[in-house]
Amino acid sequence: MRQRFWFNLVVLLAAALAPTWTPQAALAQALLPRTVRVNFGNTNEQALMLAREAAQLAQFQQFDLALPRAQLAVQLAPKAFQTQGILGSIYLQREQYSKAIDSLLLAYNLKRDEPSILFTLGSAYLRNKDYQSSIQTLQKGLTLSPRSPGAIFDLGNAFFLTKKYDQAITEYERVLSIDQRFWAATNNIGLVEYERGNIPQAIARWRESLKQAETIEFRAAEPTLALATALYRQGQRDRAVDLAVEAMKIDPEYGKPSHLIENLWGERLMADVQPLLSHPRVRKIIEESEAAFRNQPRRS
């Protein structure tokens, strides 16, 4: 599992820009886009207003509307860390990693004591596969705010991707010491154990992860499919297929190898999941999902 914590910076900066902001107000504004008008009498105030709007729109996935506002905010107030930070976060969500890093570095140089900027920058480095920079940046942010589960989780992922398995598990366990219901950390310990050949330990972690997700009333597709893969390898074929079908019903995206790789599935697990993804019952759900997506009406 590779979660994206860029959202944290958007929320933090939006709140700082507008203490009275509410999700309902943001949704109303997001649903009623307007033409941007610039009052050059107070460009800094106008820039912060635009940055606030961009942050609100981004939280509702309205990136086509958010990005031009964020870009204009930066043009009006290039030395405001809020404008640079929000622009960088939006670039990160749009997977424009180099632009995200450039904007977030500018935000950091403008405000070096804001850990959320470092955490989002570390996430951008991670997505851009610059793992050493990610590790260094996240650790720097954690010196300012040591109890941030999302940032520690990202740090664990960076260690995992550099095959520093012991350090990865240390960070995932550190996440769990702060938040016992952080099921993604337990899931990723299972991913590490599987890559190290510790199959029983991986199975135990995935079962634990599912229980943690249930405590927050969440059905987790990833540990369900991972557990199915391990059981299939052990010869529990019927149970494994049932679990794989359940995982696809929760989220058919996990039927795509590219999605699994993006979520840190290693070589062993990827090799072992292939028979399950090819099973007729599992394949049927994946194909139905793909057909439903193709038949969705296209936006004009």
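For region 193-229, how many residues meet the condition of being in a helix (DSSP H, G or I) and either among the polar types (S, T, N, Q) or surrounded by 24 or more Cβ atoms within 10 Å (Cβ to Cβ) (or both)? First the steps, then the outcome.
Just the residues of region 193-229 that are in a helix (DSSP H, G or I), to begin with: 193-195, 199-215, 221-229.
Filter again for either among the polar types (S, T, N, Q) or surrounded by 24 or more Cβ atoms within 10 Å (Cβ to Cβ) (or both), leaving 194, 201-202, 205-206, 209, 212, 215, 222-229.
The qualifying residues number 16.
For Glu290, only one of the following conditions fails: (1) part of a helix (DSSP H, G or I); (2) modelled with pLDDT of 95 or more. What is its number?
(2)
Only one of (1) under 17 Å from Val273 (Cα atoms); (2) of a type in the set (Asp, Glu); (3) part of a loop (DSSP other than H, G, I, E, B) fails for Asp238. Which number is that?
Failed condition: (3).
Report, by residue number, each residue of region 224-268 that is among the acidic types (Asp, Glu) and under 20 Å from Glu195 (Cα atoms). Give the derivation first.
Within region 224-268, the first condition is being among the acidic types (Asp, Glu), and the residues that meet it are 238, 242, 246, 251, 253, 262, 267.
Within region 224-268, Glu262, Glu267 meet the criteria.
Here's the yes/no breakdown for (1) at pLDDT 95 or above; (2) under 25 Å from Pro146 (Cα atoms):
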| residue | (1), (2) |
| --- | --- |
| Tyr172 | yes, yes |
| Gln180 | yes, yes |
| Thr186 | yes, yes |
| Glu195 | yes, no |
| Ala213 | yes, yes |
| Ile216 | no, yes |
| Glu222 | yes, no |
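Suppose we keep only residues that are free of Cβ contacts under 8 Å to residues at least 24 places away in the same chain and assigned to a helix (DSSP H, G or I) within region 92-105. Which one would you say is farthest from Leu142 (Cα to Cα)?
Within region 92-105, the match that is farthest from Leu142 (Cα to Cα) is Lys99.
Scan region 55-87 residue by residue and report those that are part of a helix (DSSP H, G or I) and closer than 14 Å to Lys111 by Cα. Before you say what the answer is, go through the steps one by one.
First, the residues of region 55-87 that are part of a helix (DSSP H, G or I): 55-59, 63-76, 81-87.
Selection gives Phe81, Gln82, Thr83, Gln84, Gly85, Ile86.
Of everything in region 31-47, what is assigned to a helix (DSSP H, G or I) and either within 26 Å of the chain's Cα centre (by Cα) or at pLDDT below 85 (or both)? Give them in sequence order.
Within region 31-47, just Leu31 meets the criteria.
Have a look at Leu104, Leu110, Leu92, Leu121 and point out the one that is under 21 Å from Thr43 (Cα atoms) and assigned by TED's automatic domain parsing to the domain that holds Arg2.
Numbers: Leu104 fails: under 21 Å from Thr43 (Cα atoms); Leu92 fails: under 21 Å from Thr43 (Cα atoms); Leu121 fails: under 21 Å from Thr43 (Cα atoms).
That would be Leu110, the only listed residue that is under 21 Å from Thr43 (Cα atoms) and assigned by TED's automatic domain parsing to the domain that holds Arg2.
Answer yes if at least one residue in region 160-183 is under 15 Å from Leu269 (Cα atoms) and either part of a helix (DSSP H, G or I) or under 19 Å from the mean Cα position of the chain (by Cα) (or both), and no otherwise.
Within region 160-183, one or more residues are under 15 Å from Leu269 (Cα atoms) and either part of a helix (DSSP H, G or I) or under 19 Å from the mean Cα position of the chain (by Cα) (or both).
The values are calculated or read from the model by the stated rules, or taken from the named source; none is laboratory data. Bear in mind that the values here come from a model prediction, so they are computed numbers and not experimental data. Quick reminder, even Gly has a Cβ in these numbers, built from the backbone with ideal geometry, and neighbours come from all protein chains shown.
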